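The values are calculated or read from the model by the stated rules, or taken from the named source; none is laboratory data. Treat the numbers as computed from the prediction; the structure is a model and nothing was measured. Here the Cβ positions follow ideal geometry from the backbone for every residue, glycine too, while neighbour counts run over all protein chains shown.
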Amino acid sequence: MNMVNLTIDDVQVSVPSNFTVLEAARKAGINIPTLCYLKGINEVGACRVCLVEVVGGRALAAACVNPVTEGMVVKTNSNRVRATRRSTLEMILSDHNRDCLACIRNKNCELQDLAERYNIRQVTFEGKMSEPNIDDKSQSIYRDASKCILCGRCVAACEKQSISVLSFLNRGFETKIGPAYDISMADAPCVYCGQCIIACPVGALHEKEEDQNVFDAINDPKKHVVAQVAPAVRAALGEEFGLPMGTRVTGKMFAALHRLGFDKIYDVNFGADLTIIEEGNELLNRINNGGKLPMITSCSPGWVRFAEFYYPDFLDNLSTCKSPHQMEGAIIKSYYAQKKGIAPEDIFVVSVMPCTSKKTEASREEMFNPTTGQRDVDAVVTTRELARMIKTAGIDFMKLPDEGPDNDLIGDYSGAGVIFGATGGVMEAALRTVADILEEKDLPDFEYKVVRGVDAGIKEAELNIAGHNIRVAVAHSTAAARKLLDAIRAGTAPEYHFIEIMGCDGGCVCGGGQPQVKAQDLMDIDVRELRAKALYEEDEIREIRKSHQNPDIIELYKNFLGEANGHMAHELLHTHYHAREIYPDSVLAEEEN
Amino acid sequence: MGATKTMTHDEMVQALDQVIQRYAANGRNALMQVLQEAQNIYGYLPLNVQRSIALGLGVSVAEVYGVVSFYSFFSLTPKGDYVVSICMGTACYVKGSQAILEKVESELGIKAGECSKDGKFSINACRCIGACGLAPVITINDDVYGRLSADEIPSILAKYKEA
Ligand code: SF4
Ligand code: SF4
Ligand code: SF4
Ligand code: FES
């Protein structure tokens, strides 16, 4: 890589020639402010907050899009630069619904940070101010256009997912962000992955909050409230309390849940182990009996919705397994209810998830028990919502001891369950079990590192297990899924047996319900890798690292379910899918009137 | 516009299909062109037409709508047999075109940008049409009416209502 020398605010730096001024300044220890910039996703130079003076140039230049050149002299903090940035900010603020105190992003907002940094004391351009403009019709995503600063980061994030539900609409003062025809997110072909929420620097997009429902259930003496936590939550919850990214907070997380007053607390890793038993056996059945191949995982509701909207011809390829928390919810309201002598209708199951799509998943009609009519899962809160609940309850997270989940009935989990939260994890967990079944022994080598990692959107491997040649692929992000499925449709892909697909880039650790990371921090780190590391760490220290060796799973089949893929398992743990129309005529007709 | 009146619905669908097929290979690059031709066929860009164009060109529906709602020469609503255009340019505005617009709206029972239920009238609040000497001006299809006052609107519209 060619190096380029330049001077920024009297500091000499030498940086690769493909650096922007913004990146070079960061290397020199100077933080140029940004707002619309999101590394690798939105590099468009739209907001003009990052303007700098390039000596010899007439106009100020946007640091986020201007490349460095040899001998360049840059001033990032001159009076002219500061005054321009401040008036740009004032302009943005003049049309912003500035109710910081009542805003979900209060103290975690890139716009607020800049207002503070530039000592904005009054907003002089009192233009026409946007009225609150709320779309809360979907179960997953809440939009308030009056907080939107039109940075385009959500549009770019959705485009990176290859979905493009969001676009800039209208023009001039009427410009806004929204789905086609400005319809609700509930009627748009949105998969609810929440990557737009993760990208948004302000409070214009967030999850549909359910924390109050959970507090209500906890306070209701008639309700037996059971919490279950997904693997990826422990890899990120600490960030909400100032811990460095990648800090594993499993112990404190369980301690906090106990203090919040849940009657029972379990780990969705158990549900993940259960998924492996069902899905592993389903795979072997399909291979042995000429079933539909490749079989594709169905743990990620973002991916499932993507398939229903955009690849309905692959719906028969999807495993019929419910996702782990839905399976576990179904078991809590049947097996657990029976053993504890509690009526299923008195149980309230709360899933803590890194995911916004799970909120909608939990309300699908397929996710109700066909006999009792009860939902498997009654509420889904994100990692962010859990953090807010902990803060509201006055629990000093940092002072908590390490505790575990309750350890009766369904309390145990394997290391294989933990890695579900990282891309490749479901595949690896499945291979650990499938290989043992086929080889009929407890294999000592069970780490499948070929399917780990985040660098490639699509990972492939060909494995020889007990004389079987098994071809697998792993895709993370709906864009990677699109690429893989297009290749399969076109007949240019090898004949896979088994494919893992996760809707989000990096897998659940980077789900739409995880803590937002500021754009400037994203310049230095790979969130996907750091959070995944925490999960692989936990896998390594678990005594049991294969799903089929989880003693609570073995008991569950022996005492309740019977056979894997058997009648009862099908009733409780499996589901089906249906094609969904994009902007159906019914939606268009409503708009046109 | 002329085509609209003489084509049946099926013919319009067919014509749109042909346009989309002709440009499908060019994908996003052909979007403006296809939208123009579709508007020529339909007189405006109904939502389902936008959806067909998006799917045909492999562009997201949101992006198509984004483009349609950005450019003022694309119309989201059908045009009536008689398009009443009220000039809102500076000269006309100063001479009271706002009151004229309001009068037209109340007489026809529709707002600017809308088309009446029977398809007879639509209202278009447009930018300067270059007849400032006649301000305030309206046009109804090819007929021009200048130096108007709001009181004259009912009798002017009556001619077209009966036609
Ligand atoms: S988005 Fe940020 S600046 Fe706007 S009200 Fe919320 S916290 Fe305040
Ligand atoms: S949730 Fe996902 S699919 Fe829906 S708008 Fe956001 S990024 Fe796009
Ligand atoms: S919703 Fe958020 S990310 Fe999207 S344009 Fe508005 S401020 Fe930017
Ligand atoms: S223009 Fe550079 S951050 Fe927006």
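Condition test on A:ARG26, is it outside any helix (DSSP H, G or I), within 19 Å of A:PRO201 (Cβ to Cβ) and of a type in the set (D, E, K, R)? Don't jump to the end; show me each part of the working.
Numbers: outside any helix (DSSP H, G or I): no; within 19 Å of A:PRO201 (Cβ to Cβ): yes; of a type in the set (D, E, K, R): yes.
Here the answer is no, as A:ARG26 does not meet what is asked.
So that you can scan it fast, the table gives a plain yes or no per residue for (1) at pLDDT below 95; (2) touching a helix residue (DSSP H, G or I) at 6+ places or on another chain (Cβ under 6 Å):
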residue	(1), (2)
A:LEU22	no, no
A:ILE41	no, yes
A:THR69	no, no
A:ASN77	no, no
A:SER94	yes, no
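Could you check the stretch A:43-59 and list, in sequence order, the residues that are within 13 Å of ligand 4 (Cβ to nearest atom) and either surrounded by 18 or more Cβ atoms within 10 Å (Cβ to Cβ) or in contact (Cβ under 8 Å) with a residue 24 or more places away in the chain (or both)?
A:VAL44, A:ALA46, A:CYS47, A:ARG48, A:VAL49, A:CYS50, A:LEU51, A:VAL52, listed by residue number.
Please verify whether the stretch A:544-567 includes one or more residues that are at pLDDT 95 or above, under 28 Å from the mean Cα position of the chain (by Cα) and surrounded by fewer than 20 Cβ atoms within 10 Å (Cβ to Cβ).
Applying the first criterion (at pLDDT 95 or above) to the stretch A:544-567 yields A:544-567.
Add one more test, that the residue is under 28 Å from the mean Cα position of the chain (by Cα), and what stays is A:544-548, A:550, A:553.
So of that shortlist, the ones also surrounded by fewer than 20 Cβ atoms within 10 Å (Cβ to Cβ) come out as A:544.
Yes: the stretch A:544-567 contains one or more residues that are at pLDDT 95 or above, under 28 Å from the mean Cα position of the chain (by Cα) and surrounded by fewer than 20 Cβ atoms within 10 Å (Cβ to Cβ).
Could you list all residues from the stretch B:73-107 that are of a type in the set (S, T, N, Q), without any contact (Cβ under 8 Å) to a residue 40 or more places away in the chain and within 14 Å of chain A (Cβ to nearest Cβ)?
B:SER75
Restricting attention to the stretch A:138-191, which residues are more than 8 Å from chain B (Cβ to nearest Cβ), at positive phi and free of Cβ contacts under 8 Å to residues at least 12 places away in the same chain?
A:GLY172
Quick one: which residue in A:ALA256, A:ALA307 is in the same structural domain as A:MET398 (by TED's automatic domain parsing), surrounded by fewer than 24 Cβ atoms within 10 Å (Cβ to Cβ), part of a helix (DSSP H, G or I) and in contact (Cβ under 8 Å) with a residue 24 or more places away in the chain? Steps first, please.
On the way: A:ALA307 fails: surrounded by fewer than 24 Cβ atoms within 10 Å (Cβ to Cβ).
A:ALA256 is the lone residue from the list that is in the same structural domain as A:MET398 (by TED's automatic domain parsing), surrounded by fewer than 24 Cβ atoms within 10 Å (Cβ to Cβ), part of a helix (DSSP H, G or I) and in contact (Cβ under 8 Å) with a residue 24 or more places away in the chain.
Do any residues in the stretch A:342-361 that are free of Cβ contacts under 8 Å to residues at least 60 places away in the same chain have Cβ atoms under 8 Å from those of residues that are hydrophobic (A, V, I, L, M, F, W, C) and not in a loop (DSSP other than H, G, I, E, B), where the two are at least six apart or on different chains, and which pairs are they?
Filtered contacts from the stretch A:342-361: A:ALA343/A:ALA337; A:PRO344/A:ALA337.
Could you count how many residues in the stretch A:332-353 are surrounded by fewer than 24 Cβ atoms within 10 Å (Cβ to Cβ) and aliphatic (A, V, I, L, M)?
The total comes to 4.
Filter the stretch A:33-42 down to residues that are more than 8 Å from ligand 4 (Cβ to nearest atom) and in a loop (DSSP other than H, G, I, E, B) and give me whichever is farthest from the other protein chains (Cβ to nearest Cβ).
Residues of the stretch A:33-42 that are more than 8 Å from ligand 4 (Cβ to nearest atom), as a first pass: A:38-42.
Still in the running and in a loop (DSSP other than H, G, I, E, B): A:39-41.
Numbers: A:LYS39: 23, A:GLY40: 20, A:ILE41: 17 Å.
Looking at residues that are more than 8 Å from ligand 4 (Cβ to nearest atom) and in a loop (DSSP other than H, G, I, E, B), I get A:LYS39.
Return yes when B:GLY89 is out of contact with any strand residue (DSSP E or B) (no Cβ under 7 Å at 6 or more places or on another chain), at positive phi and modelled with pLDDT under 90 and no when it is not. If you could, list the steps in order and put the result at the bottom.
Values: out of contact with any strand residue (DSSP E or B) (no Cβ under 7 Å at 6 or more places or on another chain): yes; at positive phi: no; modelled with pLDDT under 90: yes.
Here the answer is no, as B:GLY89 does not meet what is asked.
Might you let me know whether the stretch A:482-491 holds any residue that is within 30 Å of A:TYR335 (Cβ to Cβ) and in a loop (DSSP other than H, G, I, E, B)?
Quick first cut of the stretch A:482-491, residues within 30 Å of A:TYR335 (Cβ to Cβ) only: none.
For the stretch A:482-491, residues within 30 Å of A:TYR335 (Cβ to Cβ) and in a loop (DSSP other than H, G, I, E, B): absent.
For the stretch B:50-163, list the strands (runs of 3 or more DSSP E) that sit wholly inside it and hold at least 1 residues that are buried (at least 18 other Cβ atoms within 10 Å of the Cβ); which are they?
Working: elements: B:82-87, B:121-126, B:138-140, B:143-145.
In the stretch B:50-163, B:82-87, B:121-126, B:138-140 are the strands (runs of 3 or more DSSP E) which contain 1 or more residues that are buried (at least 18 other Cβ atoms within 10 Å of the Cβ).
Looking at (1) in contact with a Lys or Arg (Cβ under 8 Å, 6 or more places away or on another chain); (2) near ligand 3 (Cβ under 9 Å from one of its atoms); (3) within 13 Å of another protein chain (Cβ to nearest Cβ), which one does A:VAL202 not meet, given that it meets all the others?
Result: A:VAL202 passes all but (3).
Here are A:ARG153, A:ARG143, A:ARG82: which of them is of a type in the set (D, E, K, R), within 16 Å of ligand 2 (Cβ to nearest atom) and closer than 30 Å to A:ILE8 by Cα? Outline the logic, then answer.
Values: A:ARG143 fails: closer than 30 Å to A:ILE8 by Cα; A:ARG82 fails: within 16 Å of ligand 2 (Cβ to nearest atom).
Going through A:ARG153, A:ARG143, A:ARG82 in turn, the sole match is A:ARG153.
State which residue pairs qualify: first residue more than 11 Å from chain B (Cβ to nearest Cβ) and hydroxyl-bearing (Ser, Thr, Tyr) and inside the stretch A:565-591, second residue surrounded by 14 or more Cβ atoms within 10 Å (Cβ to Cβ) and in a loop (DSSP other than H, G, I, E, B) in any location, beta carbons under 7 Å apart, and separation of 6 or more residues or different chains.
Qualifying pairs under 7 Å: A:THR575/A:THR320; A:THR575/A:LYS322.
Give the residue that is nearest to ligand 3 (Cβ to nearest atom), with candidates limited to residues of the stretch A:160-173 that are surrounded by 22 or more Cβ atoms within 10 Å (Cβ to Cβ) and not aliphatic (A, V, I, L, M).
A:SER167
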